[in-house]
Amino acid sequence: MTEQIKNTLLNAAHSAAAILRHFFEGTFEIESKDTINNLVTEVDKKSEAAIIHVIRTAYPDHFILSEEVGELSTESNYKWIIDPIDGTVNFAHGIPICCISIGVEKDGIMMMGCVFNPFMNELFFAEKGKGAFLNGKPIRVSKKAELESACLVTGFPYRWAKIDTDPIPVFENFIRKGLPVRRLGSAAIDLCWVACGRFDAFWEYNLNPWDIAAGYLIIEEAGGTVTNFKGEPYSVYHKETLATNGFIHQQMLDEIAACENKN
Ligand code: IPD
Ligand code: CA
Ligand code: CA
């Protein structure tokens, strides 16, 4: 069963990747969702349809949660959580930092995940208890133990105007300390780049389950730590994500708490 799920997961990611490659830097329809830069393109929809087709062909009764179509709810204890393009703004601007992200939950626990950036040819994969891989090679988080020398990454919600959390104080705090903070525009790739040691920590407010389902498992399987901003156990259904190499996790929690206490 697990091997069959893995094959279905990888087939779904590859068939979506062919669609992304076909349309990249070409012409396609773009619409705004609730805010002007919260985009959905015709390619998001085609990618999503291809992924769902592959899953449905193998598992007609599995539950699906996907960004553009929402919940295709069933009684199954398997749930596929899909972001057909994570980094849609990058995709729409021809910036090759975007990916397909698919996580598979069984009985509420993430069991498998895949994040595929077809433009860098990087396929990240993890299975619970069996490690994390980049293009088939095992990956580990970095060993950096001092926040002062860490490289951080974050993101900002397009719906910022419509939500009540302000992501700027924490960002400003790190910038004022002179730390390198990157903003790639794809939460799933941010997480995977922590998992393979390029970044030492990632945090973001207000992500959705499809942004993080796969990346969360990939970091955990690469030896990292993921919690909310209080250091409590993580859920992809909650709004705060702090993902680190583990060594600087407490330092990140302390910095975030100090900013929140100032407000
Ligand atoms: C977005 C990206 C971005 C993050 C946003 C997400 P989308 O997903 O992951 O990095 O900052 O909060 O909405 O819209 O490109 O799938
Ligand atoms: Ca996303
Ligand atoms: Ca998306």
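Quick one: count up the residues across the range 62-119 that are of a type in the set (D, E), touching a residue at least 40 places away in the same chain (Cβ under 8 Å) and either within 11 Å of ligand 1 (Cβ to nearest atom) or assigned by TED's automatic domain parsing to the domain that holds E221 (or both). Please lay out each step first, then the result.
Going residue by residue through the range 62-119, those that are of a type in the set (D, E) are 67-68, 71, 75, 83, 86, 105, 107.
Adding the requirement that they be touching a residue at least 40 places away in the same chain (Cβ under 8 Å) leaves 67, 83, 86, 105.
Of the ones still in play, those that are also either within 11 Å of ligand 1 (Cβ to nearest atom) or assigned by TED's automatic domain parsing to the domain that holds E221 (or both) are 67, 83, 86.
Within the range 62-119, residues that are of a type in the set (D, E), touching a residue at least 40 places away in the same chain (Cβ under 8 Å) and either within 11 Å of ligand 1 (Cβ to nearest atom) or assigned by TED's automatic domain parsing to the domain that holds E221 (or both) number 3.
Within the group D44, D83, which residue is of a type in the set (D, E, K, R), within 14 Å of ligand 3 (Cβ to nearest atom) and under 26 Å from M1 (Cα atoms)? I'd like the intermediate steps shown before the answer.
Details: D44 fails: under 26 Å from M1 (Cα atoms).
Exactly one of D44, D83 is of a type in the set (D, E, K, R), within 14 Å of ligand 3 (Cβ to nearest atom) and under 26 Å from M1 (Cα atoms), namely D83.
Quick one: in the range 87-119, which of the residues that are away from ligand 2 (no atom under 16 Å from the Cβ) and within 13 Å of I212 (Cβ to Cβ) is surrounded by the fewest Cβ atoms within 10 Å (Cβ to Cβ)?
Ranking the candidates gives E105 first.
Within the range 186-208, is there a residue that is β-branched (V, I, T), farther than 18 Å from G246 by Cβ and within 14 Å of ligand 2 (Cβ to nearest atom)? Quick ask: steps written out before the conclusion?
From the range 186-208, those β-branched (V, I, T) are 189, 194; that's our starting set.
Subsequent filtering for residues that are farther than 18 Å from G246 by Cβ retains 189.
Restricting the remaining residues to those that are within 14 Å of ligand 2 (Cβ to nearest atom) gives 189.
For the range 186-208, residues β-branched (V, I, T), farther than 18 Å from G246 by Cβ and within 14 Å of ligand 2 (Cβ to nearest atom): present.
Tell me, yes or no, whether the range 119-137 has at least one residue that is touching a strand residue (DSSP E or B) at 6+ places or on another chain (Cβ under 8 Å), part of a loop (DSSP other than H, G, I, E, B) and closer than 17 Å to T225 by Cβ.
yes
In the range 1-45, which residues are under 16 Å from W80 (Cα atoms) and assigned to a strand (DSSP E or B)?
None - no residue of the range 1-45 is under 16 Å from W80 (Cα atoms) and assigned to a strand (DSSP E or B), so the list stays empty.
Table: residues versus (1) closer than 21 Å to I100 by Cα; (2) of a type outside the set (F, W, Y); (3) within 14 Å of the chain's Cα centre (by Cα).
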position	(1), (2), (3)
E146	no, yes, no
P169	no, yes, no
N173	no, yes, no
R176	no, yes, no
E204	yes, yes, yes
I218	yes, yes, yes
A222	yes, yes, no
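Just need a number here: residues in the range 1-45 that are within 16 Å of F116 (Cα to Cα), under 20 Å from the mean Cα position of the chain (by Cα) and open to solvent by 70 Å² or more (accessible area, probe 1.4 Å).
Of the residues in the range 1-45, 3 are within 16 Å of F116 (Cα to Cα), under 20 Å from the mean Cα position of the chain (by Cα) and open to solvent by 70 Å² or more (accessible area, probe 1.4 Å).
Given the criteria more than 13 Å from ligand 1 (Cβ to nearest atom) and without any contact (Cβ under 8 Å) to a residue 24 or more places away in the chain, does V226 qualify?
On the way: more than 13 Å from ligand 1 (Cβ to nearest atom): yes; without any contact (Cβ under 8 Å) to a residue 24 or more places away in the chain: yes.
Taking the combined requirement at face value, the residue satisfies it.
If I filter the range 46-75 down to residues being assigned to a loop (DSSP other than H, G, I, E, B) and open to solvent by less than 30 Å² (accessible area, probe 1.4 Å), which single residue comes out as farthest from ligand 2 (Cβ to nearest atom)?
Within the range 46-75, the first condition is being assigned to a loop (DSSP other than H, G, I, E, B), and the residues that meet it are 59-62, 67-69, 73-75.
Subset that is open to solvent by less than 30 Å² (accessible area, probe 1.4 Å): 59, 62.
Values: Y59: 23, H62: 21 Å.
The selected residue is Y59.
Output the residues belonging to the range 92-126 that are among the aromatic types (F, W, Y) and either more than 13 Å from the chain's Cα centre (by Cα) or at pLDDT below 95 (or both). Spell out the reasoning first.
Here is the first cut: in the range 92-126, the ones among the aromatic types (F, W, Y) are 116, 119, 124-125.
Selection gives F119 alone.
Going by what's in this entry, would F133 be described as without any contact (Cβ under 8 Å) to a residue 60 or more places away in the chain, more than 16 Å from ligand 2 (Cβ to nearest atom) and open to solvent by 10 Å² or more (accessible area, probe 1.4 Å)?
Values: without any contact (Cβ under 8 Å) to a residue 60 or more places away in the chain: yes; more than 16 Å from ligand 2 (Cβ to nearest atom): yes; open to solvent by 10 Å² or more (accessible area, probe 1.4 Å): yes.
It is true that F133 is without any contact (Cβ under 8 Å) to a residue 60 or more places away in the chain, more than 16 Å from ligand 2 (Cβ to nearest atom) and open to solvent by 10 Å² or more (accessible area, probe 1.4 Å).
The values are calculated or read from the model by the stated rules, or taken from the named source; none is laboratory data. The structure presented is a predicted model; accordingly, all values stated were derived computationally and were not measured. Note that each Cβ is placed from the backbone with ideal geometry, even for glycine, and that neighbours are counted across all protein chains shown. Quick note on the areas: whole protein, heavy atoms, side chains included, nothing else; ligands and nucleic acids left out. Shrake-Rupley method; radii C 1.70, N 1.55, O 1.52, S 1.80 Å.
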